[in-house]
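Chemist: Handing you this structure, nothing more for now.
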Amino acid sequence: MTEPSIWWQHRADPPTQPSVPGDPGPQETFDVVVVGAGVTGLATALELVRAGRSVLVVEARHPGAVTSGRTTGKVSALQGTTLSELRRRHGDSPRVTAYVESTLAALDWVAAFCDEHGVATQRRDAVTYAASRDGVSTVRAEHDAALDAGLGVRFETDPDLPVPAYAATVLPDQLQLDPVELVLAMLEQVRKAGGRLLTGRRVQRLRQRGETVHVLGEDGLEVQGRHVVLATGAPVVDRRMHFARLTPQRSYLLAFTHPDPPDVMALSAGSPGRSWRGGELDGRRMLLVGGEGHETGRGPRESTRVDRLRRWTDEHFPDAVELGAWSAQDYMSLDGLPLVGGLGGPSSSVSVATGYRKWGLTSGVAAGIALAGAQSGAEAPWSERLYTRAPRLRDVPAFLGVQAGVALGQAGSLARGVRRPPPVEAARSGGCAALPVCTHLGGTLRWNDHEQTYDCPLHGSRFSADGEVLEGPATRALPRLPRLPGTGGRSSS
């Protein structure tokens, strides 16, 4: 995660707050402590402070540091082939309808918020297209699922796109935006409404004492709330082993200047997926290209994946000039739906939100609406149908598949880790190197040659070259291997 997204590159230093204004100390109890200052955490906090609740947002780095500040900025109810995939998994279950309702509610929320607070948006057609003849039936299935869900899509047999396309389903009047501008505006409104922020403190554990949850972490962090919301991607405290029900997915994004960028938000059906859209940033006309999704820490070299995106862009948009390359991580649940609700254990005072399958600008906002509504008594009408579900027998094969993938990922990491070590200068700081073993559950880490990070193939934790936690369920830095005497400065690794 060493390369910032295009959304951060042109901005000054991000907002931080290293101590809670007013210095409440461990004796002040907030109504809700929200862990994570991305779109989910800030939507939750904003809805709660508007309802009169006292809220503290705790962020390990800075607002928008992880997935929320690294997306393509699409806010759409047409999400690739999501609806047809959910239909295959769930049939005519009301959960699929509830998912669409939640997405539309989130889209309306974002549109109204941006209009009210001056966040620039553009209305665009969202397009799911077949990049080959084999993909036409997949696009038709998505079109039918979207129609049945009440979306006003149209089917095109000869779509006018700047890339090869054999069919498309199109949903007009969706949104695109700068996600960091959205995050910063949400943060500003949280603060104006009385919410407070604490950054640079990583939460590592929770402790229940009666009706109060103590939030504990780095540098002596101790704050407390009557309720805690974990809005951290993968839960950093996990009583119900959510990490075993989630697959971490990484994808890559490139930004280019372009004289004539497309005026649609497009996503190809099938593999390899390609996501692209046009836009404007700092007066420059811009093209965004994303894709090469894969399970974190597994498969070909990360730099190889980025080069594939570059070659594809050069083939179809030859006038594009690269501005930057970065990546983002999200999580997919066993049944394809977001996991939002109680964390489990002896108390119902902790909630979690994850599993957005790369559509966090809608699903993350929907989760915030639902979680805040559950606290304020204004529950979203779709919330129970979407989020309340018991484990299903039919999900067992998927669960076993995830665990088999975890085992294979670990075996692959063990095999490749020795062959793919980090450069000495990247891995060693102060005469010692990081021990490449994940502090979550002991997975052997793989060196990411594109981002200069250690990535865990088990559950997606990621660490910088000097061992600091970047994201995932891990909460502690990698241990250091001290220099051995007489080795001329070489570490024991």
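The values are calculated or read from the model by the stated rules, or taken from the named source; none is laboratory data. This structure is a prediction, so every number in the text was calculated from the model and none was measured. Note that we place each Cβ from the backbone using ideal geometry, even for glycine, and neighbour counts take in every protein chain shown. Just the protein is used for accessible areas: all its heavy atoms, side chains included, with ligands, DNA and RNA removed. Shrake-Rupley method; radii C 1.70, N 1.55, O 1.52, S 1.80 Å.
Chemist: Among the residues of the stretch 43-55, how many are open to solvent by 30 Å² or more (accessible area, probe 1.4 Å) and among the hydrophobic types (A, V, I, L, M, F, W, C)?
Modeler: Qualifying residue count for the region: 1.
Chemist: Just one of Arg205, Arg196 is under 25 Å from the mean Cα position of the chain (by Cα), modelled with pLDDT under 95 and within 14 Å of Val35 (Cβ to Cβ); which is it?
Modeler: Result of the check over Arg205, Arg196: Arg205.
Chemist: Among the listed residues Ala111, Ala167, Ala120, identify the single one that is in contact with a helix residue (DSSP H, G or I) (Cβ under 6 Å, 6 or more places away or on another chain) and among the small types (Gly, Ala, Ser).
Modeler: Ala167
Chemist: Got at least one residue in the stretch 303-314 being open to solvent by 40 Å² or more (accessible area, probe 1.4 Å), assigned to a loop (DSSP other than H, G, I, E, B) and without any contact (Cβ under 8 Å) to a residue 24 or more places away in the chain?
Modeler: No: the stretch 303-314 contains no residue that is open to solvent by 40 Å² or more (accessible area, probe 1.4 Å), assigned to a loop (DSSP other than H, G, I, E, B) and without any contact (Cβ under 8 Å) to a residue 24 or more places away in the chain.
Chemist: Hey, another quick one. Can Val365 be described as modelled with pLDDT under 75 and either aliphatic (A, V, I, L, M) or surrounded by fewer than 22 Cβ atoms within 10 Å (Cβ to Cβ) (or both)? Steps first, please.
Modeler: Numbers: modelled with pLDDT under 75: no; either aliphatic (A, V, I, L, M) or surrounded by fewer than 22 Cβ atoms within 10 Å (Cβ to Cβ) (or both): yes.
Judged against the criteria, Val365 is not a match.
Let's see how each residue does on (1) at pLDDT 95 or above; (2) open to solvent by less than 20 Å² (accessible area, probe 1.4 Å); (3) under 22 Å from Ser93 (Cβ atoms):
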position	(1), (2), (3)
Leu337	yes, yes, yes
Arg394	no, no, yes
Ala398	no, no, yes
Gly405	no, yes, no
Gly412	no, yes, no
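Chemist: Right, here's the next one. Can you name the residue in the stretch 285-302 that is surrounded by 15 or more Cβ atoms within 10 Å (Cβ to Cβ) and free of Cβ contacts under 8 Å to residues at least 40 places away in the same chain and, of all such residues, is farthest from Gly355 (Cα to Cα)?
Modeler: Checking each candidate, the answer is Leu287.
Chemist: Kindly indicate which of Pro159, Pro179 is at pLDDT 95 or above, under 17 Å from the mean Cα position of the chain (by Cα) and open to solvent by less than 50 Å² (accessible area, probe 1.4 Å). Break it down stepwise before answering.
Modeler: Numbers: Pro159 fails: under 17 Å from the mean Cα position of the chain (by Cα).
The match here is Pro179.
Chemist: Give the stretch 459-469 a look and list any residue that's modelled with pLDDT of 90 or more and open to solvent by 20 Å² or more (accessible area, probe 1.4 Å), or say none.
Modeler: Hits for the stretch 459-469 are Ser464, Glu468.
Here's the yes/no breakdown for (1) basic (Lys, Arg); (2) modelled with pLDDT under 90; (3) open to solvent by 20 Å² or more (accessible area, probe 1.4 Å):
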{"residue": "Trp7", "(1), (2), (3)": "no, no, no"}
{"residue": "His10", "(1), (2), (3)": "no, yes, yes"}
{"residue": "Val32", "(1), (2), (3)": "no, no, no"}
{"residue": "Gly41", "(1), (2), (3)": "no, no, no"}
{"residue": "Val57", "(1), (2), (3)": "no, no, no"}
{"residue": "His62", "(1), (2), (3)": "no, no, yes"}
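Chemist: To continue, here is another question. What's the number of the only condition in (1) free of Cβ contacts under 8 Å to residues at least 12 places away in the same chain; (2) more than 20 Å from Gln176 (Cα to Cα) that Ala112 fails to meet?
Modeler: Of (1) free of Cβ contacts under 8 Å to residues at least 12 places away in the same chain; (2) more than 20 Å from Gln176 (Cα to Cα), only one is false for Ala112: (2).
Chemist: Still on this structure: When the residues of the stretch 90-105 are filtered to those that are of a type in the set (Gly, Ala, Ser) and more than 24 Å from the chain's Cα centre (by Cα), which remaining residue is farthest from Ser383 (Cα to Cα)?
Modeler: Gly91
Chemist: Do any residues in the stretch 250-279 that are over 14 Å from Asp125 (Cα atoms) have Cβ atoms under 9 Å from those of residues that are open to solvent by 20 Å² or more (accessible area, probe 1.4 Å) and of a type in the set (Phe, Trp, Tyr), where the two are at least six apart or on different chains, and which pairs are they?
Modeler: Within 9 Å, the pairs are Pro272/Trp312; Arg274/Trp312.
Chemist: List pairs: first residue in the stretch 128-141 and under 14 Å from Pro159 (Cα atoms), second residue among the acidic types (Asp, Glu) and open to solvent by 10 Å² or more (accessible area, probe 1.4 Å) anywhere in the structure, Cβ distance under 9 angstrom, at least six positions apart or on different chains.
Modeler: Between residues of the stretch 128-141 that are under 14 Å from Pro159 (Cα atoms) and residues that are among the acidic types (Asp, Glu) and open to solvent by 10 Å² or more (accessible area, probe 1.4 Å), the close pairs are Tyr129/Glu156.
Chemist: Yes or no: the stretch 71-94 includes at least one residue that is among the hydroxyl-bearing types (Ser, Thr, Tyr), open to solvent by 20 Å² or more (accessible area, probe 1.4 Å), modelled with pLDDT of 95 or more and touching a Phe, Trp or Tyr at 6+ places or on another chain (Cβ under 7 Å).
Modeler: No: the stretch 71-94 contains no residue that is among the hydroxyl-bearing types (Ser, Thr, Tyr), open to solvent by 20 Å² or more (accessible area, probe 1.4 Å), modelled with pLDDT of 95 or more and touching a Phe, Trp or Tyr at 6+ places or on another chain (Cβ under 7 Å).
Chemist: Scan the stretch 315-332 for residues that are free of Cβ contacts under 8 Å to residues at least 40 places away in the same chain and outside any helix (DSSP H, G or I) and jot them down. Working first, answer last.
Modeler: Of the residues in the stretch 315-332, the ones free of Cβ contacts under 8 Å to residues at least 40 places away in the same chain are 315, 318.
Result: Pro318, single match.
Chemist: Go through the residues of the stretch 272-284 one by one and say whether even a single one is outside any strand (DSSP E or B), in contact with a helix residue (DSSP H, G or I) (Cβ under 6 Å, 6 or more places away or on another chain) and within 28 Å of Val75 (Cα to Cα). If you could, list the steps in order and put the result at the bottom.
Modeler: To start, the set of residues in the stretch 272-284 that are outside any strand (DSSP E or B) comprises 272-273, 282-283.
Of the ones still in play, those that are also in contact with a helix residue (DSSP H, G or I) (Cβ under 6 Å, 6 or more places away or on another chain) are none.
Within the stretch 272-284, not a single residue is outside any strand (DSSP E or B), in contact with a helix residue (DSSP H, G or I) (Cβ under 6 Å, 6 or more places away or on another chain) and within 28 Å of Val75 (Cα to Cα).
Chemist: Something else about it: Checking the condition open to solvent by 10 Å² or more (accessible area, probe 1.4 Å), of a type in the set (Val, Ile, Thr) and within 14 Å of the chain's Cα centre (by Cα), which residue from Thr232, Thr257 passes?
Modeler: Thr232
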